[in-house]
Amino acid sequence: MKTKKMGIQKHYYLMMLPGMLWLLLFSIVPMFGIIMAFQDYNPGQGILHSEWIGLENFRYLFQLDDSKQVIVNTLIISIGKIILNLIVPLIFALLLNEVRSLRYKKFVQTVVFVPHFLSWVIMATIVIGIFGYNGVVNTIAGWFGGQPRLFMADPSIFRELLIGTDVWKEFGYNAVIFLAALTSVNPNLYEAAAIDGANRWQSMWHITLPELTPTIVLLGVLALGNILNAGFDQVYNLYNPLVYSTGDILDTWIYRLGLQNLQFSLATAAGLLKSAVSFILITVSYVLAYKFADYRIF
Amino acid sequence: MVQNKTLGSRIFDIVNIIILTILTLSCLYPLWYTFSLSISVKSAANAGLVTFYPIGFSLASYREIMSDIKFFNSFWISIQRVVLGTGLSLVVMIMMAYPLSKSKRDFKARDIFMWIVIFCMLFNGGLIPWYLTIKSYHLLDTIWALVLGGSVPVFNVILLMNFFRNLPADIEEAAVIDGAGPWRILFGIVVPCSLPVIATVTLFTGVYHWNEFFNGLVLMSDASKYPLQTYIQQLVVSIPSDTTLTPDQYKRLSELSNKSLNAAKVFIAITPVLIVYPFLQKYFVTGIMLGAVKE
């Protein structure tokens, strides 16, 4: 029996092989590139022969004016997104839950997921079409005698634009988990409340919302891990040099630093800081989610 | 539900329907706007006159695309990428997820592998090391950079694993008694029993490969090798990252673009997603819910 079990395990290793090889080549090997963060990397000399400079890159990064601004931008944008991407889908799910016509409910649900499956490249063309200089908003403003404005090049509203369009694109998708949680609420609770004379508002406030609280807490905790991810795809496709002051985030900054200015070592150092902090945050959020919501991904 | 039709309740219903309808229309608007632009007369589209409906009717943009070799070239690259990328990762993911769904008793190294996989999901070497690694493999400018570059979609592996784990154990036990080996069990029993979750990860992976633009931008040095999303990104969205850009230049740049033609290209790029959308819609709720398994 024992030898047979070993025989089966051999096959299990074989099944793991292609995936582990893929991970090794495209996830694990790049991790060794992290040592570039501690070098003055020179492509001609390669990783093995470039000069070691310790923490010099990190010191230099924090001296740059950009870096502080970029971190501030990242935090404001991501925290704004985290909060609104909880609240708006929650309100949407609560409103949809009050609809009595099942067909209408189904129709709404079908449609609001669409934008989630469109890439930010596609959505950016539409956002620019709406807020661009000769876009929809300016055209409509023109009907009422308004002067066209350069929304896309205005640093004072760019973060709001990012947060708003992200919420617009994702609220339907983010509502899915709430909607699923709502289907498991015991209908007897509502009937009992109605017999006791509760109106709809009171039922929503005292039954629906408490039933959703664990889900809200769970999503909020898990979102913690994303605090340094302000959304590269979105920002990259919407921003321009005129809004760098408020719209440039860690990921876009690292991209320009590394692949446009070819500061490989600096960009690696910045990327390492981001990865390390994110790693800690995600781990903490998973531990919290496990402790308080009994949630586990594996 | 008990219906209490007070006046306040009715007003709420009406207002609620209005709000939800506006939200719903706002989600349809991207498609409708792009479509309207693409069939509008060029002059009207470029002047920014198209808002809520097409102005005039012209298929000139679509006709123009018909003879655009670059567009079809990128379209073809995206198709190849989706087929190769989805097919390959699907096989790899299924083969990985099955042993991982076993308990430590049945597969001793299970936990070690699991930790490696989770670590790779949570931590990465960052953009530059990743780019230099792929460069050192001489994969730049090849379709394989696009197919393999994103590494294993670990989240999908976890979805599959959780589903496999919840299959009734007696089916497998019966197969073992009948003398079936692990490969027969996986592809003959486990996979056919898991079609909903396999459909979910297939669609997720396919849509990912179709929508992904960044790897195309970074890993392809030659614009003729761009997948469709990267091609569109360069065409429609790209603005020089030159910091000396002035608002006036920005204004002029945005007036230059051929809105109707671009919209037609965007609309064609959306179409495949719309075609698979009913299936996506059907499966992805299950998919998301499977992500969290409470025991």
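The gain in end-to-end length when the A:Val277 to A:Met204 segment is fully stretched comes to 22.4 nm, 0.36 nm per residue minus the alpha carbon separation.
Note on B:Val83 and B:Ser224: the extension gain reaches 48.8 nm, defined as 0.36 nm multiplied by sequence separation minus the Cα-Cα distance. Computed about its Cα centre, the charge dipole of the range B:68-290 is approximately 80 debye, with only Lys, Arg, Asp and Glu carrying charge at their Cβ.
For the range A:110-153, the list of chymotrypsin sites (Phe, Trp or Tyr not before Pro) that fall in a loop by DSSP and count at most 15 other C-beta atoms within 10 angstrom reads A:Phe144. In terms of other Cβ atoms within 10 Å, B:Ser257, B:Ser224 run from fewest to most in the order B:Ser224, B:Ser257. Label sites at A:Ile8 and A:Asp40, each approximated as a point 7 angstrom past Cα along Cα to Cβ, lie 6.0 nm apart.
Normalised radius of gyration (Cα atoms, divided by 2.2 N^0.38 Å) for the range A:1-138: 1.82.
If R0 equals 51 Å, the separation of the Cβ atoms of A:Phe32 and B:Asn73 corresponds to a calculated FRET efficiency of about 0.90.
Screening chain A for whole DSSP H helices of 24 Å or more along their axis (Cα) with average Kyte-Doolittle hydropathy at least 0.0 returns A:65-97, A:155-183, A:264-293. Pick from B:Pro247, B:Pro153, B:Pro54: which residue has the top mean-square fluctuation in a GNM of chain B where Cα pairs under 10 Å get a spring? In the Gaussian network model the winner is B:Pro247. With N counted as the residues of the range B:152-281, its alpha-carbon radius of gyration over 2.2 N^0.38 Å works out to 1.64.
Using the Cβ-Cβ distance between A:Trp52 and A:Asn261 with R0 set to 22 Å, the FRET efficiency from 1/(1 + (r/R0)^6) comes to roughly 0.50. For B:Cys193, B:Cys120, the sequence from fewest to most other C-beta atoms within 10 Å is B:Cys193, B:Cys120. Counting, for every residue in A:126-138, the Cβ atoms of other protein chains within 10 Å of its Cβ and taking the mean gives 6.
Placing +1 on each Lys and Arg Cβ and -1 on each Asp and Glu Cβ, with no other charges, gives chain A a dipole about its Cα centre of roughly 1080 debye.
For the range A:158-298, would you read off the P(r) tail past 26 Å as a percentage of all alpha carbon pairs? The answer is 47 percent, as a whole percent.
Largest GNM mean-square fluctuation among B:Leu253, B:Leu235, B:Leu159, using chain B with Cα springs under 10 Å: B:Leu253. Considering only alpha-carbon pairs that sit under 8 angstrom and 6 or more positions apart, the relative contact order computed for chain A is 26 percent. The fraction of all Cα pairs in chain B landing in successive 10 Å bins from 0 to the largest distance is 5, 19, 24, 22, 16, 10, 3, 0, given as whole percents. Using the beta-carbon distance between B:Ile275 and B:Thr246 and R0 = 41 Å, what value does 1/(1 + (r/R0)^6) give for FRET efficiency, to the nearest 0.05? Once the sixth-power term is evaluated, E becomes 0.45. Near A:Thr125, once Lys and Arg are set to +1 and Asp and Glu to -1 for all other residues with Cβ below 12 Å from its Cβ, the sum equals +2. Of the Cα atoms belonging to the range A:240-298, the radius of gyration and Dmax stand at 16.3, 46 Å. If only the Cβ of Lys and Arg carry +1 and only the Cβ of Asp and Glu carry -1, the dipole of the range A:1-140 around its Cα centre is close to 1260 debye. Helix screen, chain B: DSSP H segments with Cα axial length of 27 Å or more and mean Kyte-Doolittle hydropathy at least 0.0 are B:7-39, B:69-100, B:259-290.
Can you tell which of B:Thr271, B:Leu139, B:Ile19 lies farthest toward the positive end of the dipole of the protein assembly as shown, using +1 and -1 charges on the Cβ of basic and acidic side chains (Lys, Arg; Asp, Glu)? Value: B:Thr271.
Here the Debye sum runs over all C-alpha atoms of the range A:56-293 as equal scatterers in vacuum, and log10 of I(q)/I(0) at q = 0.08, 0.14, 0.17 Å⁻¹ comes out as -0.41, -1.03, -1.26.
Spin-label pair A:Gln69-A:Glu211: with each label point 7 Å from Cα along the Cα-Cβ axis, the two points sit 5.0 nm from one another. Convex hull volume per residue, computed on the Cα atoms of the range B:180-233, equals 103 Å³. For A:Gln39, enumerate residues with amide H under 5 Å from its amide H, sequence gap 5+ or separate chain, H modeled in the peptide plane. Answer set, sorted by chain and number: A:Ile53. Note on chain A: dipole from Cβ charges, positive end direction compared against A:Tyr190, A:Gly132, A:Ile82; the farthest Cα belongs to A:Tyr190. For chain B, excluding the exposed loop sites themselves (trypsin sites (Lys or Arg not before Pro), DSSP loop, at most 10 other Cβ atoms within 10 Å), the longest remaining stretch covers B:106-293.
Candidates A:Val99, B:Leu148, A:Phe151 compared by Cα position along the dipole of the protein assembly as shown: farthest toward the positive end lies A:Val99, with charges placed on Cβ.
When you have a sec, figure out the Kirkwood radius of the range B:7-58 from all distinct Cα pair distances and drop it here in Å to one decimal?
Mean inverse Cα-Cα distance, inverted, gives 12.7 Å.
Here the label points at A:Leu17 and B:Phe119, each 7 Å from Cα along the C-beta direction, are separated by 2.3 nm in the simple model.
The shape of the protein assembly as shown can be summarised by an equivalent ellipsoid whose semi-axes, obtained from the alpha carbon gyration tensor, come to 38, 36, 25 Å from longest to shortest. Shape annotation for the range B:101-206: C-alpha extents along the principal axes are 50, 28, 22 Å, from largest to smallest.
In summary, the convex hull built on the alpha carbon positions of the range A:1-54 has an orientation-averaged projected area of 5.6 nm².
Since every read-out is calculated from the coordinates, none of them should be taken as a lab result. Predicted model, so just to flag it, every value in this text is computed and none were measured. Methodologically, a virtual Cβ is constructed for each residue, glycine included, from the backbone with ideal geometry; neighbour enumeration extends over all protein chains shown.
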